Amino acid sequence: MTKPVSGVLFDVDGTLVDSVYLHVVSWWQAFRQYGHDVEAARIHRAIGMGSDKILGHLLGDGRSTEDDAGLRAAHGSLYAAYWARLRPLPGARRVLEGCRSRGLRNVLCTSASRPELEALLACLGADSLIDTVTSADDAGESKPSPDIVEVALRRSGLPADAVVFVGDSVWDVQAAGHVGIPCIGLASGGVSAAELLDHGAAAVYEHPLDLCEHLDEALTTAFRVALSHP
């Protein structure tokens, strides 16, 4: 590789676990409960933001916020009904193993709440391969703000210039970019490769298994792109 890499920061929803469309349905139903008719396609494009951002993004910052707590609670309750049906994406454990076998530290960096994160961790069943975990509860603002990424760096002790981020949404790419970290995109959350690249992803792979099979190439490409855009 073009420079040493010490760790990989992974998003979870849509990156390691097949949960994006479950969030879409849960938010869609929550909005309907409170009289908001929000198209599923718009909700899908907002997934990856935390609940502190997604309501303003989809309903407008000028709205009354009196129902926000109820909307978040409704989404959480509806999504919790799917927890037992969560499944890892193809190669999720293998890519963690691939990073570990190369001496890299695996850090989970997600906008999920802590209860949701516990369900995601249970789904992955890869605790022994994960060195550090951060969630929305650990940061002031969720993605695309860089707060969670900065917390992950502090907790893991990893420097920003020695890690890459792996995520499936444009919000992941933006959050990593705010801290100067190259981002490898995955199309497993339903965002096209072209859009992820347009927002600054260094490279895009189909899913974790595809990334695992090209891991050295992906890490090299990510740092080459980072070095060309200081």
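The values are calculated or read from the model by the stated rules, or taken from the named source; none is laboratory data. Computed from a predicted model, the values in this text were never measured in an experiment. Cβ placement follows ideal geometry from the backbone for every residue including glycine, while neighbour counts extend to all protein chains displayed. The area values use the complete protein model at the heavy-atom level, side chains included, leaving out ligands, DNA and RNA. Shrake-Rupley method; radii C 1.70, N 1.55, O 1.52, S 1.80 Å.
The residue among 59, 189, 144 whose Cα reaches farthest toward the positive pole of the charge dipole of the chain, with charges on the beta-carbon of Lys, Arg, Asp and Glu, is 189. Label separation (residue 198 vs residue 77): 3.8 nm, computed from points 7 Å beyond Cα along the C-beta direction.
Please report the base-10 log of the normalised intensity I(q)/I(0) for the range 21-113, using a Debye sum with one equal scatterer per alpha carbon and no solvent, at each q in 0.13, 0.18, 0.25 (1/Å). These q points yield log10 I(q)/I(0) values of -0.54, -0.84, -1.34.
Each Lys and Arg contributes +1 and each Asp and Glu -1, all at the Cβ; summed about the Cα centre of the range 180-229, the dipole is approximately 200 debye.
Given the rule -39500 (n - 2.57) for each run of at least 4 DSSP H residues, summed and divided by the residues of the chain, what is its mean residue ellipticity at 222 nm, to the nearest 500 deg cm²/dmol? Could you put the intermediate results ahead of the total?
On the way: 11 runs with 109 residues, N = 230.
Mean residue ellipticity, 222 nm, calculated: -14000 deg cm²/dmol.
Fully extending the segment from residue 68 to residue 128, taken as 0.36 nm per residue of separation minus the present Cα-Cα distance, adds 17.9 nm.
Computed about the Cα centre, the dipole magnitude for the range 16-76 is approximately 120 debye when only Lys and Arg (+1) and Asp and Glu (-1) carry charge, each at its Cβ. When all alpha carbon pairs of the range 141-230 are counted in 5 Å bins from zero, the resulting P(r) reads 3, 16, 27, 25, 21, 8, 1 %. Legend: residues 169, 192, sorted from most to least accessible area (1.4 Å probe; ligands, DNA and RNA excluded), read 192, 169. Exposed loop sites here mean chymotrypsin sites (Phe, Trp or Tyr not before Pro) with a DSSP loop assignment and at most 15 other beta-carbon atoms within 10 Å; the chain contains its longest site-free run at 83-230.
Annotation: amide H-H contacts under 5 Å for residue 17 (H modelled 1.01 Å from N, sequence separation of 5 or more, or interchain): 89. Compared with the dominant principal axis of the Cα atoms in the chain, helix 92-101 is inclined by about 30°.
Relative contact order for the chain: what is it in percent, counting Cα pairs under 8 Å that are at least 6 residues apart? Can you show the working numbers first?
Numbers: 431 pairs, mean separation 59.3, N = 230.
Relative contact order of the chain: 26 percent.
Toward the positive end of the charge dipole of the range 6-58, with +1 on the Cβ of Lys and Arg and -1 on the Cβ of Asp and Glu, the farthest Cα among 31, 50, 16 is that of 31.
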